[in-house]
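S.K.: Let me give you the structure first, and then I'll get to my questions.
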Amino acid sequence: MNVQNDFVVIKAIEDGVNVIGLTRGSDTRFHHSEKLDKGEVMIAQFTEHTSAIKVRGKAKILTSVGEIESETKK
């Protein structure tokens, strides 16, 4: 399997931002979760086990294709 090991930088803009890693394969499942407080930064990487990263809460997300800001659920 040829996996592109892209990095993603996630910076919490508020307390309690959840970063969730999702597995690769026939069944997508949660395999790792972190909680970030305001100002904390996490650098994550896509691997042969991680196919997606879910961010819940207000955060700035930087990738090789650009920058986006997630929002708080209203």
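S.K.: Pick from segment 45-71 the residues that are of a type in the set (Lys, Arg) and assigned to a strand (DSSP E or B): which of them is nearest to ASP15 (Cα to Cα)?
M.R.: ARG56
S.K.: Return the residue satisfying two criteria in turn: it lies in segment 56-74 and is open to solvent by less than 100 Å² (accessible area, probe 1.4 Å) and under 13 Å from ASP6 (Cβ atoms), and of such residues it is nearest to the chain's Cα centre (by Cα).
M.R.: ILE61
S.K.: For the list (1) within 12 Å of the chain's Cα centre (by Cα); (2) at positive phi, I need the number of the one condition that ILE53 fails.
M.R.: Failing condition for ILE53: (2).
S.K.: Restricting attention to segment 1-46, which residues are modelled with pLDDT of 85 or more, over 22 Å from VAL65 (Cβ atoms), of a type in the set (S, T, N, Q) and open to solvent by 50 Å² or more (accessible area, probe 1.4 Å)?
M.R.: Across segment 1-46, the qualifying residue is only SER33.
The values are calculated or read from the model by the stated rules, or taken from the named source; none is laboratory data. Since the model is a prediction, treat every value here as computed from it, not as a measurement. Counting neighbours? That spans all protein chains shown, and the Cβs are built from the backbone with ideal geometry, glycine included. Surface areas here come from the heavy atoms of the whole protein model, side chains and all, with no ligands, DNA or RNA. Shrake-Rupley method; radii C 1.70, N 1.55, O 1.52, S 1.80 Å.
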